[in-house]
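Below is one structure, written out as structure tokens; comments come after it.
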Amino acid sequence: MSTSPHSDGSLLLLYTDHHGWLVQWLRRRVNNLHEAADLAQDTFVKLMGQSPGELREPRAYLATVARGVLIDHCRRLSLERAYLDTLALMPEPVTPSPEERAIVLEALSQIDQMLDGLGQRARSAFLLAQLDGLTYREVAARLGVSLSSVEKYMATAFRHCYRIVYQDGAA
């Protein structure tokens, strides 16, 4: 079947023809029907903002888009687990409210997405300096690189973040 999600009604046609298949495809990967249904919805929502043109293999296309949605979902779950593990170590009076947790998790997810395009060293240097509060010298020692390398990594990271926030319209 050849389909274009943005021609008249074709996103609806793509949805009606392949939604059930996509849910089952995702279910095999996450082993949970409700989570698979949510991820399928997220996949179709993501398609609403794209214009892929004529599709010769709509299921292959859907699987590719869904794979990206699934990766984002897994990354978010990993961030949530790390954050909840950290919260479990905090004394009860310091533990944030559910609303504060949701805000922090959303911020962590956004930071993770912003830093996604950086190389591993630049990402590590940025996180050590910005989140752990290490000096550039301490970052250099921790990463086993020179101070000038850390300065280059930080400049790269700041340029990357600036570009995302101010040029790609994420702000």
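The values are calculated or read from the model by the stated rules, or taken from the named source; none is laboratory data. Remember, it's a predicted structure, so these values are computed and weren't measured experimentally. Cβ coordinates were reconstructed from backbone atoms using ideal geometry, including for glycine residues, and neighbour counts include every protein chain displayed.
Going through (1) modelled with pLDDT of 80 or more; (2) of a type outside the set (Val, Ile, Thr); (3) not assigned by TED's automatic domain parsing to the domain that holds VAL165 one by one, GLN110 falls short only on (1).
Looking across segment 113-143 at every residue that is out of contact with any helix residue (DSSP H, G or I) (no Cβ under 8 Å at 6 or more places or on another chain) and in a loop (DSSP other than H, G, I, E, B), the one that is nearest to ILE164 (Cα to Cα) is identified as ASP116. State yes or no: is ARG142 charged (D, E, K, R), more than 19 Å from GLU80 (Cα to Cα) and exposed (fewer than 13 other Cβ atoms within 10 Å of the Cβ)? So ARG142 fails the test. Contact map, segment 131-144: residues that are polar (S, T, N, Q) paired with residues that are at pLDDT below 90 and surrounded by 10 or more Cβ atoms within 10 Å (Cβ to Cβ), Cβ distance under 9 Å, separation 6+ or inter-chain. Pairs shown: THR135/ALA129.
If only residues of segment 10-38 that are of a type in the set (D, E, K, R) and over 17 Å from MET48 (Cα atoms) are counted, the one that is surrounded by the fewest Cβ atoms within 10 Å (Cβ to Cβ) is ARG28.
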